[in-house]
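J.: Before anything else, here's the structure in question.
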Amino acid sequence: MIRKFVYILALSLFLQASVVQAGSEDNEILKKSSSKNSASECFEGASRMIFKFNYALDGAVFEPIAKGYRSLPQPLRKGTGNMFSNLRSLLTLTNNLLQGDFSGAGNTAGRFAINTTVGIFGIFDPATKLGLAEPQKEDFGQTMGFWGVNSGCYFVLPILGPTTARDAVGLIGNAFLDPVYQITHNTEISNGVIGNGSYSEHNYYYYRGSGAVDFRAKNIESFESLKNNSIDIYASVKSLYLQDRNKKISGNDSTTDTLNDNDWEEIDSN
Amino acid sequence: MKKKIFIVIFLIFNLTQNCFAYSSDPKKFISEIVDEAKKILVATNSKEFKEKKLEEIAKKIADIKGMGKYTLGKYRKNLTDEQLNEYENLFEKYFLKSFSSRLSDYSDPKIEVISAEVLNPKYTIVRSVLLATEQKPELKIDWRVYTNDPENPLIRDLIVEGLSLARTQKEEFASIIENDNQNFNKLFSTLKEFIAK
């Protein structure tokens, strides 16, 4: 029943994202337009309420956990962060392949092999020292963006936070593409194909939750600064989310290629 | 004798002024600002004193009027002259408070200025990194420097890890205006609240 609901939701969100794409005659024009960093709201009132709930939850639960995590010794935090990053790279690998980025896939696979073996299950990162630079994280939402699917409208999910119609479909797609999810989830369903009860679905959520805590701990000051200096924090988070997704989809680290100068020119013209 | 004293005073004044002048080269300009801000931040003064000093720097190095125009975007044309004056006044106070408050959270920032890329005669992007500490990862910070007057470069935007602060601010303002049925009362009252807190 839940699966059926998820499929219907994914399909309707995908159609929503595709309709936006169909509205553009030329995807290249769409990509170059200044609107690539903006998205209309799906249901702003509800999203603002969910945002408030997430904000309160963050203050009550995630921030204290992140602060506690940060008080752990630095080598322990670094090892934990490396381990999650190593597991997460499997999702990047499948998306590298879906985007036809074979050199990126080779790099990601090489890093995973070295860090899992020499780096003892990813706790250490010898691959970087050997010259295999850490790649940008990829997910299915980015892959769809790479294929030309537009973002669709913007909304906020409980606990998971900001997203767009395309990225929400991407979240569901990630589950199917992430080998970690497949191992934990399918093992539980088939009652132990691998024959080990510790490979159960809830371990996948521990892994994702712990990764989120690691990220939150690394960005405590940034979140604090955002809270203190925003006059509409909902709009700030939306802007930052869309800019970040656009940057990741373009796969370009250069500010000059990802920011549009036209709106700066406009202020000098009058 | 009076003439000599006048010349000496004139020379001292000029030399002092030159000491405070920033380089016209965008990369050196950013390096100088970073060094100056760092001196303020590492000193053992109160947070209020540091914020006041940072505000003084911001007035000299940032194109606050230009950023105010950019932040208001298309809505600028809907303002009366009186509203525009009020907006510019509020925006300056808001920007200075926000700028100094963000920076004063850093006690000893280690920023390395790396390179500069001339986009066109009006803009140069200066690239830098805020080095990692035990607690925080490394951050890339790009500075959009407005070079329309080549002798007097000014900062118009800070782009942290590819995310433009000016754009974020612009979208924040737009959201408040749109949710106020394209009126400016809510924006002005929100800015006043922010300045007063």
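Any read-out appearing in this document is the output of simple, stated calculations on the displayed coordinates, not a laboratory observation. No experiment lies behind these values; they were computed from the predicted model shown. Every residue, glycine among them, receives a Cβ derived from its backbone with ideal geometry; neighbour counts consider all protein chains shown.
J.: Could you give me the percent of Cα pairs per 5 Å distance bin for region A:40-139, shortest bin first, beginning at zero and ending with the bin that holds the maximum distance?
T.: Result returned by the calculation: 3, 12, 16, 14, 12, 13, 13, 11, 6, 1, 0.
J.: Compute the separation of the alpha-carbon centres of region B:29-45 and region B:70-136 and state it in Å as a whole number.
T.: Centre-to-centre (Cα) distance: 16 Å.
J.: Now a separate question. Evaluated at 25 °C with a viscosity of 0.890 mPa s, what Stokes-Einstein diffusion coefficient in µm²/s does region B:27-117 have when Rh comes from the Kirkwood expression over alpha-carbon pairs?
T.: Answer, rounded: 167 µm²/s.
J.: A follow-up question, please. Tell me, what is the Rg over Rh of region B:85-197, with Rh the Kirkwood radius over Cα pairs?
T.: Reported Rg/Rh, Kirkwood definition of Rh: 1.02.
J.: Cα-Cα over 32 Å: which of B:27/B:197; A:52/B:110; B:136/B:197?
T.: Correct reply: B:27/B:197; A:52/B:110.
J.: Ok, one more. Let a ≥ b ≥ c be the square roots of the eigenvalues of the Cα gyration tensor of region B:58-103; is it rounded (a/c under 1.5), or, if not, prolate (a/b larger than b/c) or oblate?
T.: prolate
J.: For residue B:39 and residue A:46, what is the calculated FRET efficiency with R₀ set at 30 Å and r taken between the beta-carbons, to the nearest 0.05?
T.: With a Förster radius of 30 Å, E is 0.05.
J.: For the pair residue B:118 and residue B:149, how long in nm is the line joining their label points, each one 7 Å along Cα→Cβ?
T.: 2.0 nm
J.: Still on this structure, please answer the following. Nearest 10 degrees is fine. How inclined is helix B:185-196 to the longest principal axis of chain B, computing both from alpha carbons?
T.: Roughly 40 degrees, rounded to the nearest 10.
J.: If I take every Cα pair under 8 Å that is 6 or more residues apart in chain B, average their sequence separation and divide by the length, what percent do I get for the relative contact order?
T.: 21 percent
J.: For residue B:85 and residue B:131, what is the calculated FRET efficiency with R₀ set at 30 Å and r taken between the beta-carbons, to the nearest 0.05?
T.: Efficiency at R0 = 30 Å is approximately 0.10.
J.: Moving to a separate point now. What is the angle, in °, between the Cα long axis of helix B:165-179 and the longest principal axis of the Cα atoms in chain B? Nearest 10 is fine, range 0 to 90.
T.: Here the helix axis deviates by roughly 30 degrees.
J.: Okay, moving on. Which residues in region A:141-159 place their backbone N less than 18 Å from a point set 7 Å from the Cα of residue B:179 along the Cα-to-Cβ direction?
T.: Zone members listed by number: A:154-158.
J.: I'd like the orientation of helix B:2-20 relative to chain B: the angle between its Cα long axis and the longest Cα principal axis, in ° from 0 to 90, rounded to 10.
T.: The angle comes out at about 50 degrees.
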